[in-house]
Amino acid sequence: SNIMVCIAVYRLCALRSPLWVSAVGHSRVPLIALSAWSAAFFIALPQLFIWRTSTAEFSLSGGPTQTATQCVSVWTANLNNNITLTERDHTIMMAYNMLQILLIFYAPLAVVATCYVLILKV
């Protein structure tokens, strides 16, 4: 989504200031791409501490017990191990999820939509 934001902003700049983009803009493309990847890295960094592998046991149709290992959040791992979440854990989980959704989807969507509305206006 960060690359899509960069493309939208670059297109808006190219439409509004074509001389600037042809003179200076092309040299800034690597810096723009690096900033998009850096933002994605820092947004994803908390996931190193949030996600764990967890093994769950289950039985299909009363058959033998099987195990499955998957990557889950620490809160889901606690629930799988029958550990009740505290109110603080629940609040942190909701804040983390909302912040990730905001930073990964809604903020880039707002920037891209704004850029393309301004492009259409021009």
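The values are calculated or read from the model by the stated rules, or taken from the named source; none is laboratory data. All figures in this text were calculated on a predicted structure; none of them were measured in a lab. What goes into the accessible areas is simple: the full protein's heavy atoms, side chains included, and nothing from ligands, DNA or RNA. Shrake-Rupley method; radii C 1.70, N 1.55, O 1.52, S 1.80 Å.
Express the carbon and sulfur contribution to the solvent-accessible surface of the chain as a percent, rounded to the nearest whole number, probe 1.4 angstrom. Spell out each step's value before the answer.
On the way: 6150 of 8940 Å².
For the chain, the apolar C and S fraction of the accessible surface comes to 69 percent.
Overall shape of the chain was characterised from the C-alpha gyration tensor. The equivalent ellipsoid obtained from it has semi-axes of 44, 15, 14 Å, in decreasing order.
Couplings 3J(HN,Hα) for the range 52-57, derived from phi with the Karplus relation 6.51 cos²θ - 1.76 cosθ + 1.60 (θ = phi - 60°), are 9, 8, 9, 10, 10, 9 Hz, where x marks Gly and Pro.
Nearest 500 deg cm²/dmol is fine: what mean residue ellipticity at 222 nm does the chain get from its DSSP H runs of n ≥ 4 alone, each adding -39,500 (n - 2.57), divided by its residue count?
Working: 6 runs with 75 residues, N = 122.
After summing the helix terms and dividing by residue count, I get -19500 deg cm²/dmol.
Average projection, convex hull of the Cα set of the range 1-66: 7.6 square nanometres.
Go through Ile32, Ile104, Ile50 and list them by solvent-accessible area, largest first, probe radius 1.4 Å.
Values: Ile32 60, Ile104 80, Ile50 25 Å².
Result, largest first: Ile104, Ile32, Ile50.
Helix 87-101 and the longest principal axis of the Cα set of the chain meet at an angle near 30°.
In percent, what relative contact order does the chain have, based on Cα pairs under 8 Å that are 6 or more apart in sequence?
Values: 81 pairs, mean separation 41.9, N = 122.
The value is 34 percent.
Overall form of the range 65-122: oblate. Here a/c, set by the Cα gyration tensor axes a ≥ b ≥ c, is 1.5 or more, and a/b is not larger than b/c.
Taking every protein chain into account, the accessible area of the range 1-108 amounts to 73 square angstrom per residue (probe 1.4 Å).
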